[in-house]
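Please read the structure below before turning to the comments.
The values are calculated or read from the model by the stated rules, or taken from the named source; none is laboratory data. As the structure is a computational prediction, the values presented were derived from the model and not from experiment. Backbone-built Cβ (ideal geometry, glycine too); neighbour counts: all protein chains shown. Note: accessible area is taken over every heavy atom of the protein model, side chains too, but ligands, DNA and RNA are not part of it. Shrake-Rupley method; radii C 1.70, N 1.55, O 1.52, S 1.80 Å.
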Amino acid sequence: MYRISRAAEPTGRLRAAWRATHEPAACVPRGVQLLAYAVPLTVLPSSLWRLPAAFDSGIGVGERAYIVFLSVLSEVLALSAIGLVAGWGEVFPRWVPVLRGRPVPMKAAVIPGACGATVLTLMWTVLAFSTQVMGTTIRGDELPETFPGRAGGWQGGVFYLCYTPLVLWGPLLAVLTFAYWKRRRVPSGRG
């Protein structure tokens with residue numbers, strides 16, 4: 001009996017941690033919650049598409065590490081958008097030393113969110129325009145013949161299917177950041 005309850009304990013902790021991480025803050029509309037959960041899904045296809053390249057025999061260890069790091073970092077940054085709708089985006093969780101239980105300063109979320117939304121929107125818009133319309137890299141060089149979008153057929157289709165959602169990352173983050181700011185701002189009569 002003791003072993004069964006101990007075996008079930010980690011599952012209960014994991015479930016509780018999952019709920020605490022994804023529990024929406026007060027007054028967050030369901031549509032805004034869904035947008036926050038969509039952000040990591042816009043990044044996931046490109047991260048998964050990129051990972052097999054890390055195991056290609058023609059690249060070095062540093063490039064392998066970079067590809068894996070880029071994929072993991074992209075997902076972590078995308079997952080941080082959930083903080084704009086979750087309770088931990090308004091009050092520091094108990095596992096954060098020194099800050100636990102204190103309110104998250106609004107600017108600590110809004111400034112990085114707005115900067116991130118701007119950079120991501122510009123980056124993916126410029127990248128999409130330069131590669132698809134101009135036929136060049138972001139630096140202005142001609143696209144190489146090995147560019148995945150030039151593969152055609154199903155390979156090109158899979159490339160576009162995986163990378164097109166990234167264009168939504170910046171605008172979704174902008175909407176979430178604005179909704180967070182609007183929800184957290186101090187009403188003018190009380191400040």
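The table below gives the values:
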quantity	calculated
Count of the range 125-171 residues which are open to solvent by 30 Å² or more (accessible area, probe 1.4 Å) and assigned to a helix (DSSP H, G or I)	21
Selection from the range 18-72 of residues that are closer than 25 Å to Ala179 by Cβ, open to solvent by less than 60 Å² (accessible area, probe 1.4 Å) and either in a loop (DSSP other than H, G, I, E, B) or among the hydrophobic types (A, V, I, L, M, F, W, C) (or both)	Ala25, Val28, Val32, Leu35, Ala36, Ala38, Val39, Val43
Filter result (surrounded by 17 or more Cβ atoms within 10 Å (Cβ to Cβ), among the β-branched types (Val, Ile, Thr) and out of contact with any Ser or Thr (no Cβ under 8 Å at 6 or more places or on another chain)) within the range 78-97	Val85
Scan of the range 23-50 for residues that are within 25 Å of Phe159 (Cα to Cα) and small (Gly, Ala, Ser), ordered by number	Ala36, Ala38, Ser46, Ser47
Test: residue in the range 74-86 that is more than 15 Å from Gly170 (Cα to Cα), touching a residue at least 24 places away in the same chain (Cβ under 8 Å) and part of a helix (DSSP H, G or I)	yes
Subset of the range 98-122 that is of a type outside the set (Val, Ile, Thr) and open to solvent by 70 Å² or more (accessible area, probe 1.4 Å) - its residue that is modelled with the lowest pLDDT	Arg100
